[in-house]
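Asker: Dropping a structure here in structure tokens format, bear with me for questions.
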Amino acid sequence: MTSAVADGGAPAVVTGGRAIAWPPRRVSPRVVVRETLFYLAVVIVALIALFPFFWILRTSLLSDSQIAAGVGGANGIIPARLSGAAYKDVFTNASFGFLGPLLNSLIVSLATTVVTIIVASMAGYALARLRIRGAGAILAFILLAGFFPVLAMIGPLFLVLRYLGLLDNIYPLIIVYLVYTLPIATWLLKNFFQQIPPELEDAALVDGATRLQTLRKVVVPVAIPAVFTAAILSFILAWNDFAFAVSFLTSTSQFTAPLAITTFGQSEYQTFYNLIDAAVVIISVPIALLVLFAQRRIVAGLTAGSFR
């Protein structure tokens, strides 16, 4: 540690190769108050945003008798006694059969994600690299389709599926869900592919690779952050869908998880919200874990292409 003179003539102490002003600058009380109010506002907003999730988790851990007693009384905001009976009933009660809807949602979501990544990779690469007349108009149309109201598409799609005899079947949902997933995945991958140096592809083409081989063996491995982000977003959109599922599925054996929740906890005299909220927690956990463990890749994929 040695003495030095900082910029402006102020004395400084050099520690570890860095000059630190000494004595340290005094922080203005106004700055302290402003920062305190800012962080207090952040905490309040975070608590307001997280409270519904806390309430769902709290309700899912109540017993049927506590639900019948209502919110007040012995329950309170934080119940004195918690129970996991609702989670057990969701899986073991024969009238619910939640494992089947979970499996249906998993099949449809994974298949939709795979189809989305394959199609969006080829479409995004074509829009980013090939000289296509009207490429801007095509991309604008894709984005417009992504923002088109879902309810306006249910009627025409219902007529098409009924004509083809594909109603009340989970597998047509794989194609229907592309309405959700394909626009955002194509836009994301197209922007990322534009940032990849063309020299990498030129070298592969000179070595005799085709365009598809170049995309599969050169471009996609480099664009893994964007591909991973597009896959996660596609999975989430398909997993959480309710509008298409409730419109095209009628048999409980074909229900997806979000649709099956609407049949839980209903009796002649009471609604058991603990069963409903337990199912909500169950279908929310995979998404929360997926985002938690992949947040760095998601951020990298979403910010890629933002700067040139």
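Here, each number is a calculation from the coordinates, and none is a lab measurement. Computed from a prediction, not measured in an experiment: that's the story for all the values here. Cβ placement follows ideal geometry from the backbone for every residue including glycine, while neighbour counts extend to all protein chains displayed.
Asker: Relative to the present Cα-Cα distance, how much length would full extension add between residue 164 and residue 42 at 0.36 nm per residue of separation?
Answerer: Full extension from residue 164 to residue 42 adds 38.7 nm.
Asker: When the dipole is taken about the Cα centre of the range 99-303, and only Lys, Arg (+1) and Asp, Glu (-1) are charged at their Cβ, what size is it in debye, to the nearest 20?
Answerer: Computed about the Cα centre, the dipole is about 580 debye.
Asker: Oh, and also: Across 10 Å bins from 0, what is the distribution of all Cα-Cα pair distances for the range 80-131, in whole percents?
Answerer: 20, 24, 20, 16, 12, 7, 1
Asker: Through the Karplus equation 6.51 cos²θ - 1.76 cosθ + 1.60, θ set to phi - 60°, convert the phi angles of the range 197-206 into ³J(HN,Hα) values in whole Hz; use x for Gly and Pro.
Answerer: x, x, 4, 4, 6, 4, 5, 5, 5, 5
Asker: Okay, next question. Show me, for the range 128-142, the HN-Hα J-couplings you get by feeding each phi into the Karplus relation (A = 6.51, B = -1.76, C = 1.60, θ = phi - 60°), rounded to Hz, glycine and proline as x.
Answerer: The phi angles translate into 7, 10, 7, 7, 10, 5, x, 4, x, 5, 5, 5, 4, 5, 4 Hz.
Asker: Calculate, in nm to one decimal, what residue 290 and residue 210 gain on full extension: separation in residues at 0.36 nm each, minus their alpha carbon distance.
Answerer: Extending this stretch completely gives an extra 25.3 nm.
Asker: Over the range 99-303, consider all pairs of different Cα atoms and compute the Kirkwood hydrodynamic radius from their mean reciprocal separation; express it in Å, one decimal.
Answerer: 18.7
Asker: Evaluate 2.2 N^0.38 Å with N set to the residue count of the range 53-202, then give the Cα radius of gyration divided by it.
Answerer: In units of the globular-protein estimate, the range 53-202 measures up at 1.58.
Asker: For residue 252 and residue 77, FRET efficiency with R0 = 30 Å and r from the beta-carbon atoms, rounded to 0.05?
Answerer: Efficiency computed from Cβ-Cβ geometry: 0.30.
Asker: For the range 86-92, take each phi angle, set θ = phi - 60°, evaluate the Karplus expression 6.51 cos²θ - 1.76 cosθ + 1.60, and give the result in whole Hz per residue in order, putting x for glycine and proline.
Answerer: So the J values, rounded to whole Hz, are 5, 5, 5, 5, 4, 8, 9.
Asker: Using the Cβ atoms and a cut-off under 14 Å, what net charge is assigned to the surroundings of residue 256, where Lys and Arg are +1 and Asp and Glu are -1?
Answerer: Here the charged neighbours net out to -2.
Asker: What's the local net charge at residue 212, with K and R +1, D and E -1, over the other residues with C-beta under 13 Å away?
Answerer: +3
Asker: I would also like to ask the following. Applying 1/(1 + (r/R0)^6) with R0 = 25 Å to the Cβ-Cβ distance of residue 202 and residue 137, what FRET efficiency is obtained, to the nearest 0.05?
Answerer: For R0 = 25 Å, the calculated efficiency reads 0.35.
Asker: Pop a pseudo-label 7 angstrom from the Cα along the beta-carbon direction at both residue 65 and residue 263 and give the gap in nm to one decimal.
Answerer: In this crude spin-label approximation the distance works out to 3.0 nm.
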